[in-house]
Structures are given as C-alpha cells and as structure tokens.
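The values are calculated or read from the model by the stated rules, or taken from the named source; none is laboratory data. What you are looking at is a predicted structure, and each value in this text was computed from that prediction instead of being measured. Here the Cβ is made from the backbone with ideal geometry for all residues, glycine too, and neighbour counts use every protein chain on show. What goes into the accessible areas is simple: the full protein's heavy atoms, side chains included, and nothing from ligands, DNA or RNA. Shrake-Rupley method; radii C 1.70, N 1.55, O 1.52, S 1.80 Å.
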Amino acid sequence: MAYALFWKEESGMAVKIGLVGAGTMAQYHIAGYRRAGAEIAAVADRCGERGRALARELGAAYFPDLTSMLASGKADAVAILAPNRFHAPMTLEALAAGVHVFCEKPPAVTAAEAVAMRDAARRSGRILMFNLNNRARADVRAIVDFLKQGGAGRVNSAQAVWMRRTGIPGFGGWFTNRELAGGGPLIDLLHMIDLALCFLGEPEPDCVLAQTFDDFISNPDFKGPWGVAQPGGVTDVENACHGFVRFRTGQVLTLRCSWAEMIRSEEVSVAFQGTKAGGMLRRTFEVDGDESTTEDLCELYWQRGAEPVNREIEFVKDESMGRVESAENFIRVLKGEAEPLNTPDDAVRLMKIIDAAYRSAAAGAPVFVERT
C-alpha cells in the first residue's frame, strides 16, 4: 500500500509530534522521531511532575491530557504511550481531530476496538500505525526479504514464543490489572505472534484454541525487573497462555506466552516451516529481562537433495529490539520516504487472535473467528 506524501522536505517544515505519556518508552520514541527529523512539540501526561520534566528537557509544550494537546494545534501527529485500556479511545479522539497516530502495543484490548480504530483511520484519511517494533529488527527484515523472494515456498506453519521464568512486570501495578491491561502475557508479549503472522503472509484466523494459567500471578517471587512491586494491587490476569491457531488458508500457528513459568530462562523466538525452506530467529536470556545476558540467532534450513543445509544469517544486534527504528519508520511514512512496517489491518488480525484466545480459555473450547 502506498501512502500519500504529507510533508515536503522543501517546505522546511518538520513533522510536529506530541507524546501522550512520559514513561520509559518515551525515550525510544524520541530517539526515533529525532532520527527521522521530526520535532517533539508537546508532551501530555497526567503525572504533572513527570510530564513537565520531560517537556522542559525537550523544549516542548506541556499539557495535562490529550484533549488539551489536540485543542492547542501543536501536533501534526501523536504517539499514544498510555496504558492499554486507553489506546483505543485516545486513538479515536486523535483521528477525529485530524492528526496521525502512532500507538504503542497492544493495538487495543479487544478485536472490536481494533476494528473501530481501523475504520476511523480510513474515514479520517490519517495514518494509523502501531509500535509492533520487532518488525524493524535487522534479523526480521532479513527473514522477510527471504520470504518475499519465495525462498521458503508456501509457509505452512509457525511457532511463536515469548516465555519468562520470573518476569511479572510491575507486580500489582497496571500490567497485572485486567481492566487496565486487557490481560497478562498473551496481550503484553504479543510481538512474536505478530511476527509469525508476518512470516505466514498475514492470513485471516479461522479458529483458536487456547488455555491460560494463573498459578504464579499472585506470587511476588516471580516478579521481574520491570517496575516496582505494589503489595495489595490487583493481580487478576494470567501468568501463562498456550494456544493453537488455524487460518482460513489452512496454515497453522502455535503460541506460548508467559511471564512466570518453569523454564530455564527467558526466550523470545519465532520459527516457521515452508515447502522449500524453514527458519528461526531467537533471543535467549541468561537472566530474565537483562539485555546484557542475551544471545541472538537467525537461521535458515533447507535440503540440497538428501543433504540438510543450515545457514546462519549475520546481522547487527539491536538491544532495543527495533523500538527506535519503528518510531523512525512512522515519521518516514508521513514524509513519503518509506512504506509502513504495519497497517491497521495487521493490527485487526493480531487482535482477533488475542481476543479469541482469551475467549477460548474462558469457554474451555475452540472459538471460531468472525470475518470483519
């Protein structure tokens, strides 16, 4: 899909972007936007002290909320960095105001919200993208290029894994609160499911069977290095989910997502199997959440007659897992310099799987996915 050119370099005008949320993720966004030549013009955050501090650092205007930021006309585009529950309503408000939107993951907390966001973007004629940042990684781009060239033939199956041993984020905070987060590791660690969909060619899901587990979700021994523990906080989400997806094309996907499960240590991986070749990319952690202890691998597999051939792809390791490049891509799409790494339709397909997996786990039965 080709996008319209919204900014012309000869005009001398930079894309002006507003940050809605001044937390940890903002630093990756700022780096990416600046790399693409954008101006961070505004910051909105309900935590006034934190928001004002970031605005001063950036030389940007501060606003207490998205509504006042939009009314000011300071931003051509906004980055939604708020908790999951606010992704859909904030995106819909921004699109209605005529600005472009780059929304953090997950796209929404339900498939219906993702559909509403996609439809609103179509009506407004504005760009809507999501920070599905792993698509920007060098190893992922190498795999995608290989698949686009037909190197794997028809990709029949894929396996998506993001599992931790002790990795409950912000134990008792908003991540473990279903009302705010929409769920636990399945919706939080959906990146590898997204990559699997990309490798499979973005097929439409037909049926999902999944099971969630909550054995350790209230046990502070399983808290990871993210955020601070909040004793007495809500912990009503799963700590693990395993599932199976069949697509309308006949392709299949298995998924494993956990914050706390009895494994050796954290693993982030996607594998795929095609009619000509297969492949895998994997990041393993010696210590959960500690990027300095990681090892990366990207491989392709095929047959030369009866001889197995394994090829390792060399690439530059990105400890940010594509976060900076993903934000940069959004600005370059607005400027007509790049194609988007993801689209609203991609987000809808992803959220259909997440939504159906939770419904399947609750019902104890497979769930068929409606067309939209």
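Structure above, values below:
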| item | result |
| --- | --- |
| Within the stretch 283-297, tally of residues that are of a type in the set (Val, Ile, Thr), touching a residue at least 12 places away in the same chain (Cβ under 8 Å) and farther than 12 Å from Arg164 by Cα | 1 |
| The one condition in (1) closer than 20 Å to Pro106 by Cβ; (2) at pLDDT 95 or above; (3) among the small types (Gly, Ala, Ser) that Gly201 fails to fulfil | (1) |
| Close pairs (8 angstrom Cβ cut-off, 6 or more residues apart or separate chains): within 18 Å of Val333 (Cα to Cα) in the stretch 85-107, part of a loop (DSSP other than H, G, I, E, B) and acidic (Asp, Glu) anywhere | Val99/Asp76; His100/Asp76 |
| Residue within the stretch 149-162 that is in contact with an Asp or Glu (Cβ under 8 Å, 6 or more places away or on another chain) and in a helix (DSSP H, G or I) present | no |
| Matching residues, the stretch 235-276, being open to solvent by 10 Å² or more (accessible area, probe 1.4 Å), outside any strand (DSSP E or B) and small (Gly, Ala, Ser) | Gly250, Ser265 |
| Any pair with Cβ under 6 angstrom, 6 or more apart, that starts in the stretch 17-32 at a residue that is within 14 Å of Arg323 (Cβ to Cβ) and open to solvent by 40 Å² or more (accessible area, probe 1.4 Å) and ends at one that is modelled with pLDDT of 95 or more and not aromatic (Phe, Trp, Tyr) | Met25/Leu81; Tyr28/Arg323; Tyr28/Val324; Ala31/Val324 |
| Some residue of the stretch 346-367 being within 20 Å of Phe199 (Cβ to Cβ) and open to solvent by 40 Å² or more (accessible area, probe 1.4 Å) | no |
| Unique match (being part of a helix (DSSP H, G or I), touching an Asp or Glu at 6+ places or on another chain (Cβ under 8 Å) and not aromatic (Phe, Trp, Tyr)) among Asp318, Asp346, Asp355, Asp296 | Asp346 |
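Quick grid of which residues meet (1) in contact with a Phe, Trp or Tyr (Cβ under 8 Å, 6 or more places away or on another chain); (2) among the hydroxyl-bearing types (Ser, Thr, Tyr):
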| site | (1), (2) |
| --- | --- |
| Thr67 | no, yes |
| Ala71 | no, no |
| Ala75 | no, no |
| Ala116 | no, no |
| Met129 | yes, no |
| Ala136 | no, no |
| Asp139 | yes, no |
| Gln149 | no, no |
| Val155 | yes, no |
